[in-house]
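**Student:** Got a structure for you, questions after.
The values are calculated or read from the model by the stated rules, or taken from the named source; none is laboratory data. Here the structure is a predicted model, which means the values were calculated and not measured. No Cβ is skipped: glycine too gets one built from the backbone with ideal geometry, and neighbour counts run over all protein chains shown. All accessible areas refer to the heavy atoms of the entire protein, side chains included, with ligands and DNA or RNA removed. Shrake-Rupley method; radii C 1.70, N 1.55, O 1.52, S 1.80 Å.
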Amino acid sequence: MSDRGLFVVIEGGDRVGKSTQVRALAAALELSGVDHVITHEPGGTPVGNTLRDLLLDPESDLDDRCEALLYAADKAQHVSRVVLPALAAGQTVVSDRYVGSMLAYQGACRRLNVDDLKAIAGWATGGLRPDLTVILDIEPARAVARARNLDRLELAGADFHARVRDAFLVQAADDPDRYLVLPALVSVRTTAAKIRTAVGTLLGRELAIPELHEPSQRHG
């Protein structure tokens, strides 16, 4: 590795257990003495949290292009204020969602031109790419059915979420060296071990195994 820190992203559809695996990886990094930052999109900054509220509010009446630009604005602020400073300090950054979600949700599902979105997201983030993107994959109806209070995107319907899943899998197939696709909502320990091994390989060290539980995954 260079002096720059490692950038890891956990991606996937709604309610697939992303936050559970982010916490598991954070615990492994903590036990291993790896300086790290845990963050998320949309949000991760005060500006981003304001944008998140607007983007996920079921009452928000957003034009598709407006929605995409708000996500890009969130990423610009997040990368500038959180991700780049941490990477420059040599920290490992673990983010729940990043550009892949914008391409999947606003591209495949809002029917916006993916090449246009890639250009917008690339400009917003300064072209920053994760060193590793983990995609938690599952048939979307199983995941969204677990939710009690649905946000604006979770209410979009089965066909929408099926296209999200397909878009994520296409991203992974197009860049297999930077992606790891794992089944979602199976054993927390098994999935966490695979992520831990992949991140440890990139860090050039074996990560400690945290104590993990196997409850029903309610977040993510």
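**Student:** Quick one: if you stick a label point 7 Å off each Cα along the C-beta vector at GLU211 and ALA88, how many nm between them?
**Tutor:** That separation, rounded to one decimal, is 3.9 nm.
**Student:** Run the dipole for the chain about the Cα centre, Lys and Arg Cβ at +1, Asp and Glu Cβ at -1, nothing else charged, and hand back the magnitude in debye, nearest 20.
**Tutor:** In total the dipole reaches around 380 debye.
**Student:** Taking only complete DSSP H runs, can you tell me which helices of the chain stretch 18 Å or more along their own long axis by Cα positions and average at least -0.5 on the Kyte-Doolittle scale?
**Tutor:** Sorted by number, the helices that extend far enough and score high enough are 18-31, 158-174, 188-203.
**Student:** Using a simple charge model, +1 on the beta-carbon of Lys and Arg, -1 on the beta-carbon of Asp and Glu, nothing else, what dipole does segment 9-91 show about its Cα centre, in debye to the nearest 20?
**Tutor:** Roughly 420 debye, rounded to the nearest 20.
**Student:** Among residues other than GLY48 whose Cβ falls under 9 Å from its Cβ, what is the net charge (Lys/Arg +1, Asp/Glu -1)?
**Tutor:** +1
**Student:** Going by average Cβ neighbours within 10 Å, how do the peptides 23-31, 178-186 rank, with the highest at the top?
**Tutor:** 23-31, 178-186
**Student:** To continue, here is another question. Based on Cα positions only, what radius of gyration and what Dmax would you give for segment 1-105, in angstroms?
**Tutor:** Computed over the Cα atoms of segment 1-105, radius of gyration and Dmax are 14.5, 45 Å.
**Student:** In what sequence, highest mean first, do 68-79, 92-103, 127-138 appear when ranked by Cβ atoms within 10 angstrom?
**Tutor:** Put in order of decreasing packing, that is 92-103, 68-79, 127-138.
**Student:** If you roll a 1.4 angstrom probe over the protein chains with everything in place, what fraction of the accessible area of the chain belongs to carbon and sulfur, to the nearest %?
**Tutor:** On the chain, the fraction of accessible area on carbon and sulfur atoms equals 52 percent.
**Student:** Separate question: Give me the extension gain from LEU169 to LEU128: residue separation times 0.36 nm, minus the current Cα-Cα distance, reported in nm with one decimal.
**Tutor:** Length gained between LEU169 and LEU128: 12.7 nm.
**Student:** Please state the relative contact order of segment 1-151 as a whole percent: Cα pairs under 8 Å, 6+ residues apart?
**Tutor:** After rounding, I find 42 percent.
**Student:** Moving on to the next point. Once the chain is represented by equal point scatterers at the alpha-carbon sites, with solvent omitted, what log10 I(q)/I(0) does the Debye formula produce at q = 0.12, 0.15, 0.18 Å⁻¹?
**Tutor:** The calculated log intensity ratios at q = 0.12, 0.15, 0.18 Å⁻¹ are -0.60, -0.98, -1.44.
**Student:** With each pseudo-label sitting 7 Å past Cα toward Cβ, what's the ALA162-VAL186 distance in nm, one decimal?
**Tutor:** Going from the ALA162 label point to the VAL186 one covers 2.4 nm.
**Student:** Just from its helices, what would the mean residue ellipticity at 222 nm be for the chain, if runs of 4 or more DSSP H residues each count -39500 (n - 2.57) and the sum is divided by every residue, rounded to the nearest 500 deg cm²/dmol?
**Tutor:** Per the formula, -13500 deg cm²/dmol.
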